[in-house]
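Chemist: Got a structure for you, written out below as structure tokens; questions coming shortly.
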Amino acid sequence: MDFRIDAPLIVQGDRTVLLEVNSSDYEAARDHLARFAELEKSPEYIHTYRISSLSLWNAAAAGLDAEEIIAGLQNFAKYPLPENVVFEIRDAIGRYGRVRLTRDPYDPERLRLTSDEPLLLIELENNRHLKPYVLDRLGPHTFQVPASRRGHVKQALLKAGYPAEDLVGYLAGKPLALQLRALSLNDGPFVVREYQRDAAGIFWAHGSDAGGAGVIVLPCGAGKTIVGMVAMAQIQMNTLILTPSTVAARQWREELLSKTSLTEDSIGEYTGERKEIRPVTVTTYQILTHRKRGTKAGDHLPLSEQYPHFALFNEGDWGLIIYDEVHLLPAPVFRITAELQARRRLGLTATLVREDQREEDVFSLIGPKKYDVPWHDLERQGWIAPAICYEIRVTMSEAERIGYIMAEQRLRYRVAADATVKLDILDRLLTYHKGDRVLIIGMYLEQLEQISSHYGYPIITGKTKVSEREELYEKFRNGEITTLVVSKVANFSIDLPDANVAIQISGTFGSRQEEAQRLGRILRPKPDGGQAYFYSIVTKETVDQDFSANRQRFLTEQGYRYLILYGEEIPGALPHTQQRAIPGVPRIDSR
């Protein structure tokens, strides 16, 4: 049996891949795996990836072929690849696009499902997921399905293991004249970066039926909004933009006004405060999923009766719907999206990770991953700030440890996340980073309010009025305030380019997407090219530490390594002359 001692990968027959962190080829192997595999565990020395059918289909949709995947694995593997894994990679990649959805030229209420393989169509015709949608046979290579169930058919095909290539095309939508400015109104010259133009171009695909639906994956701070605007300029049609919050909706509006030829009267805000429908309308997931009074989950009512604001999807003759932070898409919006397959759909996100495990619905209803750039690639090119991540492990007091042990299982995380020793570490970090732009981020409002009250720092939570949030964000941007205390409402789509330090005092359990978004708050490039620092304070030997390990998985996959520190290593525990510097962070007295 061939064996290469210096190779970093062990590929196993169950499609798991083990990656040695201390190998000289670690980074190259990790970057290859990130294109088609999912990171499951990332302890100190061996990381575990899994090659799934969905991860391979996303890779295929993004242009990666089976032989390139296999060649990379062979190049980095200690042992010969298991034959079944090689077969399963080729099989999964080969399944993508073996069936196609096209228009029926004679019946606008029907679509055609076609394949070059008659036996495959017979198999699908009798598949329990697809069978309810099968209408008439049109020969050995074709049968019909309802046009109104286009999204549901694609979901069924994915469950059957044969993701369809959707070539049906899209409604034109109402024309909209829109050009990108050469000079933005707020920031001087406006130049679209090459990767932003490439991403939008791959999505648009010259207006062909093969384009018009898919997801663009770019790091926080890499300009996903710009990709959306370039796509809008290519498509030139009325556009509906869905965002996670009213603040995010208004940031989209400001960016559109600054960087495109759109005027104020052509951009509408459809939120809890305003109900404007214009050629470009920006709304929120929250307002769309607001239920009609008296209805509840499980009611078997038409969507329009349960969610009255869903009417917005059909009121603007949209040629494009943009789903910002698509990984946050609520379940009811998936349901309406299944019925909106005739509209072009662009998903924007930093991560395809969904904590509800509905990545397959993003693939089938919004579209497959069309473009993805590793975070570290953009960091090396200077488009996002370089970042160092730290996990600081602290020891609970004896009294709190007893309280933790005696607490009910469901309450243990709250006890651990709220440990008072974290406030001592926070104090030391704030002293160490005096003069920096700092975000203190947490999950529990009482904990955040205590920090805000103790230091006198402004606080932003879900209870903070939108106008007050916008005012505080603006004061942070212009330097009037240098430290903000924020809850999870600041996780998404908030542009704070000068923030360079984030201190996470408590996280949302094991949410990988949240960890990525919180790091993203500090990744905007700094004017001086400076470093960003992300600290996560966790209570040692508790579920807090376990959840932290899970939260880190996605960022580890992207190339970030967490330095593990212990509370006593943070300056402040010793006299100043004996203090050790935090690794990678200049000492205060050396600045």
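What follows is calculated from the coordinates using simple rules that are stated; it is not laboratory data. On a predicted model such as this, the values are computed, not experimentally measured, just so you know. A quick note on method: Cβ atoms are made from the backbone with ideal geometry, for glycine too, and the neighbour counts reach across all protein chains shown.
Chemist: Could you please report the charge total around K78, scoring K, R as +1 and D, E as -1 over all other residues with beta-carbon less than 15 angstrom from its beta-carbon?
Modeler: My count for the surroundings of K78 gives -3.
Chemist: Take A549 and R335, extend 7 Å from each Cα along the Cα→Cβ direction, and tell me the distance between the two endpoints in nm.
Modeler: Those two pseudo-labels are separated by 3.8 nm.
Chemist: Ranking request for peptides 92-102, 443-453: highest mean number of other beta-carbon atoms within 10 Å first, then the rest in descending order.
Modeler: 92-102, 443-453
Chemist: Select from A331, V215, A350 the residue farthest towards the positive end of the dipole of region 183-373; place +1 on Cβ of Lys and Arg, -1 on Cβ of Asp and Glu, and compute about the Cα centre.
Modeler: A331
Chemist: Sticking with this structure for a sec: Full extension from Y106 to V489: what is 0.36 nm times the residue separation minus their Cα-Cα distance, to one decimal in nm?
Modeler: 132.9 nm
Chemist: Using the Cβ atoms and a cut-off under 9 Å, what net charge is assigned to the surroundings of K488, where Lys and Arg are +1 and Asp and Glu are -1?
Modeler: 0
Chemist: Where nothing but the Cβ of Lys and Arg (+1) and of Asp and Glu (-1) is charged, how large is the charge dipole of region 64-172 around its Cα centre, in debye to the nearest 20?
Modeler: 440
Chemist: Using modelled backbone amide H atoms (1.01 Å from N, in-plane), which distant-in-sequence or interchain residues come within less than 5 Å of R561's amide H?
Modeler: Those qualifying (amide H under 5 Å, at least 5 residues apart or on another chain) are C389.
Chemist: Compute the semi-axes of the equivalent ellipsoid of the chain, taking the square root of 5 times each eigenvalue of the Cα gyration tensor, and list them largest first in whole Å.
Modeler: 41, 31, 23
Chemist: Another question about this same structure. Could you work out [θ]222 nm for the chain from helices alone, using -39500 (n - 2.57) per DSSP H run of at least four and dividing by all its residues? Round to the nearest 500 deg cm²/dmol.
Modeler: -9000 deg cm²/dmol
Chemist: Got the relative contact order for region 382-590 handy, in percent, Cα pairs under 8 Å and 6 or more residues apart?
Modeler: It rounds to 34 percent for region 382-590.
Chemist: Taking N as the number of residues in region 9-95, what value does Rg over Cα atoms divided by 2.2 N^0.38 Å take?
Modeler: It is 0.99.
Chemist: Only sites in a loop by DSSP and with at most 15 other Cβ atoms within 10 Å count here; which GluC sites (Glu not before Pro) in region 104-179 make the cut?
Modeler: E109
Chemist: What size of dipole, in debye to the nearest 20, comes out for region 183-373 about its Cα centre when the only charges are +1 on Lys and Arg C-beta atoms and -1 on Asp and Glu C-beta atoms?
Modeler: For this selection, approximately 180 debye.
Chemist: When the C-alpha atoms of region 397-528 are aligned to their principal axes, what extent does each axis show, in angstrom, from largest down?
Modeler: 48, 28, 26
Chemist: So which trypsin sites (Lys or Arg not before Pro) in region 221-280 end up in coil per DSSP with only 13 or fewer other C-beta atoms within 10 Å?
Modeler: Passing both the DSSP loop test and the Cβ count: R274.
Chemist: Under 21 Å Cα-Cα from K154, which lysines qualify once same-chain neighbours fewer than 8 residues away are excluded?
Modeler: Counting by Cα, and skipping residues close in sequence, K154 has these lysines nearby: K131, K369, K370.
Chemist: Could you tell me the relative contact order of the chain? Use alpha-carbon pairs under 8 Å, at least six residues apart, and round to a whole percent.
Modeler: 13
Chemist: Can I ask one more? For the chain, what is the percent of antiparallel DSSP beta bridges, rounded to the nearest 5?
Modeler: 35
Chemist: Further question: Please identify the chymotrypsin sites (Phe, Trp or Tyr not before Pro) of region 24-89 that satisfy two criteria: DSSP loop assignment and at most 15 other Cβ atoms within 10 Å. Which are they?
Modeler: Hits after loop and neighbour filter: Y45.
Chemist: Quote the charge dipole size of the chain about the Cα centre in Debye, to the nearest 20; the model charges only the Cβ of Lys and Arg (+1) and of Asp and Glu (-1).
Modeler: Rounded to the nearest 20 debye, it is 960 debye.
Chemist: With unit charges on the beta carbon (Lys/Arg positive, Asp/Glu negative), name the residue among A147, Y26, A205 whose Cα is farthest towards the positive pole of the charge dipole of the chain.
Modeler: Positive-most Cα among the choices belongs to A147.
Chemist: Return a whole-number percent for the relative contact order of region 183-373, with Cα pairs under 8 Å and 6 or more residues apart as the contact set.
Modeler: 29
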